[in-house]
Amino acid sequence: MNIVGVDIGGTFTDLVGHVDGRIVTSKTSTVPSDPTRGIADALRLAGCDPRALDEILHGSTVAINTVLERKGAPTALITTLGFRDVYAIGRSNRIEAFNLFFKRPQPLVPRDRTFEVDERVLAGGGVLTPLDDAAVEALLPALDAAGVKAVAVCLLHAYANPAHERRIGDILRRARPDLFVTLSHEILREYREYERTSTTVLNAYVGPRVGGYLRRLDGFLRDGAFAGQLRIMRSNGGVMSVALAQEQPVSMMESGPVAGMIGAGRLARLMGLPRCVGFDMGGTTAKASLITDGMPAIEAGYVIGDPASGQPMQLPVVDIVEVGAGGGSIAWVDDTGGLHVGPRSAGADPGPACYGKGADDPVVTDANLLLGRINPRRFLNGGMALDTAAAERAMRAKVGDRLGLDATAAAAGVVRIADTSMSLAVRAVSVDKGVDPRDTALIAFGGGGPLHAIAIAREIFVPTVIIPKLPGAFSALGMLMAAWRQDFVQTLIGRIGALAADGVEAVFAELAAAGRAQLARDGIAEGTADFRFLADLRYVGQEHAIPIPVEGVATLTGDAAVVRARFDAEHDRRYGQSAPSETLEVVALRLVLTAARGDTVAEDWLAQPWEAEGEMTVEERAVVFDDPRAPVPSRVHWRPSMPAGTVVTGPAVIEEPSSTILIHPGDRAEVAREGHLIVTLAGNGRG
């Protein structure tokens, strides 16, 4: 089976495939104006003929960038009479209590494009006020006058009874087929009006742009005689059909980064690591996720952008903490003389100053080049020569001259600030969750991850760093391991022990029916799918719930001892305490429906014994580690030529086609049997 994974990042487009029995790779610059051009270049460089491919898996930052840049479609919101301002009011909590410049999330739909209809569904699903079709049709001229391209429909309690939403959708889609219409119950059948509204609006807001991109991509591939399946990476760590992605683009907000975490989880399981942190540094951002027993954590809520002022999205997402520090993050000095790195990025165009495209802003990649950490002749396996003089001019003009530093000292400051910023992401998924970093390992990937991982690990006392094979395109490799997955949820509120069996049975049946319908739409045999049900449980009086596996109706309506024991144990694991005497209640039922891949080519490749290529050679160059005035003579190795068992003690640089690994003085790196690089940090750990 010939398959490829393509990951479009803010700076580079990566491809990893298994074609004719061998692994193929490529890395090329992303084309922001038309990402399909980057995919075409990646396929060409990897020697992949679309006609010979059975499956293409794809992840992209198009959806999330549309939100962060606020470049989505003009969107309208239709809601229940009297609830027009739910979306604008949001939550009353103030996340950053002592921030004098705190700002609340700014709605993606302004108030003058929020419309009300007279209808009312009760929380139990009963209809209090019927929907007036004529009132909906009367909104059409206002939508036309507002120039909207997308409409989000989120009615009160539609999760309990979506009949009115369905009717509004029918009217809009029939009268204005060019509108992108999103109905909240098609995305999320769960209570919490603000988060449900925000999620629905997000889907509508990005729909036209993401849908247009996916149609162009599908058309480009079909024009190239591609006859296989195109699947899109989801934020929950699974994949979906391109047709479903066009309907629910909000599901692919973090489609690229999560693939790398899936791959890191597989590697952790292969190496017998019970707990580790996946760390991915690309050109625009750095991401971290806690991985336990080979699985990254999945959370039911997420905020796009800043935690305080970003846009809430109430869908299952791999729990990733992201910071605006990547290889292309711009270094700048504020009016008071403070040095900052990011969150603005130079992206792929014009990119870092050293790319020679005329950029005059220094970025992290420029800093690493000036510190001797990157080889200007071997960047992208020699496919892109770097301009050291241009990097020095930019660093001196924008940072050095303003701070009274030479270019090298300024570069050292830029790298140190970037490392500190990225360490906060790793800390957030370890220390902040009660996990001792000394009991973990850091699996580092992405183009810049191996270059910075050891400094980050040392800062928070992680004792071991693992650099997998093919780190620069590891997220694309992770896509080849992702199973088909769809999540379904429905609100069901009641106390354990007092639930009516027929009501619970009805919700189970409805979720299962929705799952079977989606399997049929995507052409997946039901016998190959795994139906896994969970109940969102909490102690009475709590605000948030924890999803706990349940086997069926009897688990919730019969003897509650089993489900209570599971909940108490999970509550204790997460929060360090439990309350077995408190009353337990359910707030929602979930169905996680997965279909495993029919192949294990990527996992098999991760476990294959390493075969070095060519004769191992060692060079030397001066590299700045701590003191910019005292570069350290360091050995330079070419990773593809290093046989299994090779041990390198820092100071050293290990170069490879898609990344560079910096081994600090005293640290020990060893090539494992499978070719993964295991770095033991001097002085870290419990010793």
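Scan segment 653-663 and tell me whether some residue there is farther than 23 Å from Gly383 by Cβ and within 33 Å of the chain's Cα centre (by Cα). Scanning segment 653-663 turns up at least one residue that is farther than 23 Å from Gly383 by Cβ and within 33 Å of the chain's Cα centre (by Cα).
Here Arg402 fits the description: surrounded by fewer than 19 Cβ atoms within 10 Å (Cβ to Cβ), of a type in the set (Lys, Arg), out of contact with any Lys or Arg (no Cβ under 6 Å at 6 or more places or on another chain) and assigned to a helix (DSSP H, G or I). Residues in segment 335-360 that are touching a strand residue (DSSP E or B) at 6+ places or on another chain (Cβ under 6 Å) and either in the same structural domain as Pro651 (by TED's automatic domain parsing) or crowded, with 22+ Cβ neighbours inside 10 Å (or both) were compared, and the one that is nearest to Val414 (Cα to Cα) is Val341.
Per the conditions (1) within 28 Å of Tyr302 (Cβ to Cβ); (2) part of a strand (DSSP E or B), the sole criterion not satisfied by Leu128 is (1). Just one of the listed residues (Ala411, Ala453) is small (Gly, Ala, Ser), in contact with a strand residue (DSSP E or B) (Cβ under 7 Å, 6 or more places away or on another chain) and surrounded by 24 or more Cβ atoms within 10 Å (Cβ to Cβ), namely Ala453. Inside segment 213-262, residues that are under 19 Å from the mean Cα position of the chain (by Cα), buried (at least 22 other Cβ atoms within 10 Å of the Cβ) and more than 23 Å from Ser198 (Cβ to Cβ) make up a count of 6.
Here is a yes/no grid of residues against (1) touching an Asp or Glu at 6+ places or on another chain (Cβ under 9 Å); (2) crowded, with 19+ Cβ neighbours inside 10 Å; (3) assigned to a helix (DSSP H, G or I):
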residue: Phe531; (1), (2), (3): no, no, no
residue: Leu537; (1), (2), (3): yes, yes, no
residue: Ala565; (1), (2), (3): no, no, yes
residue: His571; (1), (2), (3): no, yes, yes
residue: Pro580; (1), (2), (3): yes, no, no
residue: Leu591; (1), (2), (3): yes, yes, no
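For segment 378-397, a residue qualifies if it is under 32 Å from the mean Cα position of the chain (by Cα) and among the basic types (Lys, Arg), and exactly one does: Arg378. Name the residues in segment 618-646 that are of a type in the set (Val, Ile, Thr), over 21 Å from Gly472 (Cβ atoms) and in contact (Cβ under 8 Å) with a residue 24 or more places away in the chain, would you? Selection gives Val624, Val632. Go through segment 549-586 and count every residue that is among the aliphatic types (A, V, I, L, M), over 15 Å from Gly497 (Cβ atoms) and under 29 Å from the mean Cα position of the chain (by Cα). Result for segment 549-586: 1.
Scanning segment 514-528 turns up one or more residues that are among the basic types (Lys, Arg), surrounded by fewer than 19 Cβ atoms within 10 Å (Cβ to Cβ) and outside any loop (DSSP other than H, G, I, E, B). Scanning segment 370-391 for any residue that is modelled with pLDDT of 90 or more, of a type in the set (Lys, Arg) and not assigned by TED's automatic domain parsing to the domain that holds His664 turns up at least one such residue.
In segment 139-157, the residues that are over 30 Å from Ile493 (Cβ atoms) form Cβ pairs under 9 Å with partners that are hydroxyl-bearing (Ser, Thr, Tyr) and surrounded by 15 or more Cβ atoms within 10 Å (Cβ to Cβ), at six or more places apart or across chains, as follows: Val148/Thr75; Lys149/Thr75; Ala150/Thr75; Ala150/Thr182; Ala150/Tyr205.
Residue-wise test of (1) of a type outside the set (Val, Ile, Thr); (2) surrounded by 17 or more Cβ atoms within 10 Å (Cβ to Cβ); (3) not assigned by TED's automatic domain parsing to the domain that holds Pro162.
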site	(1), (2), (3)
Asp85	yes, no, no
Asn93	yes, no, no
Glu96	yes, no, no
Leu100	yes, no, no
Pro105	yes, yes, no
Arg113	yes, yes, no
Val117	no, yes, no
Leu128	yes, no, no
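The values are calculated or read from the model by the stated rules, or taken from the named source; none is laboratory data. The structure presented is a predicted model; accordingly, all values stated were derived computationally and were not measured. Ideal geometry is used to build each Cβ from the backbone, glycine not excepted, and the neighbour counts take in all protein chains shown.
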